[in-house]
Amino acid sequence: MLNILFWNLNRNDIEDYIAECIGEHEIDIAVFAEYEGVKFPSLERKLGGKYTRITGIESDKKVTLVAKKTLAIRKVQTTNRYNLYSFDTGVKKYILAGVHLQDIRNYSAADREATIRDLKSNIEKNEDSFKCTNSIVIGDFNANPFGHELTSVHGFNAVLYRDIIEKSDTNKFEDMIYKRFYNPILHYISEETKMYGSLYNTTNDDTKYWYCLDQILVRKELANSIKNMQYLRKINAQNLIKSVAPKRNISDHLPLVVCLEETK
Amino acid sequence: MKNESFWGFDNSSMDELVATDRIVEVMNDQCKYLYDYTQGKVFAIFDVIKREGALLSVIKTMSEVSKYVSKNATIQDTVGEVPINELIDASDIYCEKEYAFEIYTDTYRYRLFSLKMASIYPVKMKIEEVVYEHVMNELSLRGIKSDKDKYIVIENEESFCDALKLVLQDKKVRYIINELQKSVLSEKESDRNVLDKIIVCEGRNDEIIIDAIAQKLNCKPIFVVADGKNNISNLVSNVHERNANAQILVVIDSDGEEEKTKALFEKKVGKDGYQLLIVNNQVEDWFIPDVEDFSKLKLLQTIDTIVGEAEFDELRKKYDSFDKLLKFLER
């Protein structure tokens, strides 16, 4: 199993929570946004020196990644809003994009879509270079699963239904062919499991209360590999929710953990 | 009555049209110089950024498009004497495209700038943020201005070459090229070792413990964790298929049934392409009671100390499986 964590840390110094989460969920790769509060050498020590931050020639900007040392992983590209990585588990080769798109308050959907188009172009270039289409995009998209940024051909072109992507991993629109991603979120959102979203917000007059801003998208090749995804409401015995919303002193976002089965 | 020509062919505005056709040539030469300077370790590409999807490959010629749209077999397929499929849409010649200049190795890409360019100047260059901060003042002194989106606006070839020279000689770019050259050398070394030794084990605890043992022996195998005995045979087949040249060790806990575990596994996977290590009863037994009832995090935090203090020679004598593991790692 390949276990991936994404967490927007709200610039809080929460190394103990991160270490507990990584230990409890046997995380292989952890991607973080708003990570400036974390002292990574201290986090690495708390993880027994078994994990390391994957740096490259350029400093991280919006996202950073920590991975277990037994994984062959390297950073391929750093940009203002996302980083690209390639890694090999021995079973499969993957491309991973960790993203933190522009926030809703200060930027428009068009700004996010411009970044998404750039990201897609770079993912496709890397898929050609590495001859690998096991691509994963994970992060804080600052957009919801049904939002234009996710569903439009000019955005991620992410479909929410496995049936659709299994039929074809591309679609045609106005004489152009667009590659698709699969967004598994619909399978996991549930009142039964209280899997509502990653961010709680009631400031708008038409608030949805819970927003799934932190998501994972995969190519068709990995659509059947996703065994589980969850927004964690607890880490070991520690509750991440106070009353109804995430505890801001930990983070305003709940962590997202995704498990992928490697043999499929 | 003769009407006035509104084309403006006679006035100076035609002289203001400065073509950008030399830019691609200049950039391709810069790519070649970088390749030569780094002896092929680092290279650069100047190419159109493909942002939208690909054109449908089924529609190859304009005449096919016309027939498809009109479903009319008698549609005109020439304009004058020129077949439609040889006519070029003149607006395509002018249209602005966006190019990227990226510095590469086989495993890393760095976009130094993008360039919005049509057939005539001005062109607009968006330089990577840090380099832009370094060069913006000098650019400004040379009369090259930026717009509100930090695109620098270049009016002619001379200004383009000035800007390009400043950017390519920026200290960050120099640093990146040096570091990329070094990384190519160290990656070649580590790639040789990365998938040499692969250990497939049942669970995360096994990985943590065996990795600590490997670290003590200065060895860095890749681990594939099956997350359960039932998954291990499928995983081993996949790993072997992908890594035919690697040495593969499969570590399984016997849970008290060594012969049965071995027979079951060999029945599913066969006997070739890997070494099988069956541990009686489980990997943790090598260090019991030190690791008993540890949480995953506690195991991560303490295993190096526990393994560091362990006497490997004694463990080798006590456990055949431990001896077999060390032989694999030491090979």
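The values are calculated or read from the model by the stated rules, or taken from the named source; none is laboratory data. Please read all numbers here as calculations on a predicted model, not as lab measurements. FYI the Cβ positions are ideal-geometry reconstructions off the backbone, even for glycines, and counts take in every protein chain you see. Heads up: the accessible areas ignore ligands, DNA and RNA and are worked out on the full protein's heavy atoms, side chains in. Shrake-Rupley method; radii C 1.70, N 1.55, O 1.52, S 1.80 Å.
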Check: Pick from A:V137, A:V99, A:V76: which is open to solvent by less than 10 Å² (accessible area, probe 1.4 Å), within 11 Å of another protein chain (Cβ to nearest Cβ) and either in a strand (DSSP E or B) or in contact with a Ser or Thr (Cβ under 8 Å, 6 or more places away or on another chain) (or both)?
Finding: A:V76
Check: So which pairs qualify, if the first residue must be in the stretch A:174-201 and within 14 Å of chain B (Cβ to nearest Cβ), the second must be hydroxyl-bearing (S, T, Y), the Cβ gap must be under 6 Å, and the two must be at least 6 apart or on different chains?
Finding: A:I177/A:T170; A:K179/A:T170
Next item on the list: Return the residue satisfying two criteria in turn: it lies in the stretch A:13-53 and is under 17 Å from A:L232 (Cβ atoms) and surrounded by fewer than 19 Cβ atoms within 10 Å (Cβ to Cβ), and of such residues it is farthest from the other protein chains (Cβ to nearest Cβ).
Entry: A:D16
Notebook entry, point to check: What are the pairs, 6+ residues apart or on separate chains, where a residue within the stretch B:267-279 that is closer than 26 Å to B:K318 by Cα and touching a residue at least 40 places away in the same chain (Cβ under 8 Å) has its Cβ under 6 Å from a residue that is small (G, A, S) and outside any helix (DSSP H, G or I)?
Noted result: B:I278/B:S254
Check: Does A:Y107 qualify as being of a type in the set (S, T, Y) and assigned to a strand (DSSP E or B)?
Finding: no
Next item on the list: Identify the single condition in (1) open to solvent by 20 Å² or more (accessible area, probe 1.4 Å); (2) within 14 Å of another protein chain (Cβ to nearest Cβ) that A:N157 does not satisfy, given that it satisfies every other one.
Entry: (1)
Notebook entry, point to check: Within the stretch A:55-72, how many residues are more than 9 Å from chain B (Cβ to nearest Cβ) and either within 15 Å of the chain's Cα centre (by Cα) or surrounded by 20 or more Cβ atoms within 10 Å (Cβ to Cβ) (or both)?
Noted result: 6
Next item on the list: Kindly indicate whether A:N142 is more than 19 Å from B:E128 (Cα to Cα), open to solvent by less than 30 Å² (accessible area, probe 1.4 Å) and within 15 Å of the chain's Cα centre (by Cα).
Entry: yes
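A quick yes/no check of all residues on (1) more than 9 Å from every other protein chain (Cβ to nearest Cβ); (2) in contact with a Lys or Arg (Cβ under 7 Å, 6 or more places away or on another chain):
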site	(1), (2)
B:K182	yes, no
B:N218	yes, no
B:P221	no, yes
B:V225	no, yes
B:V239	no, no
B:L264	yes, no
B:K268	yes, no
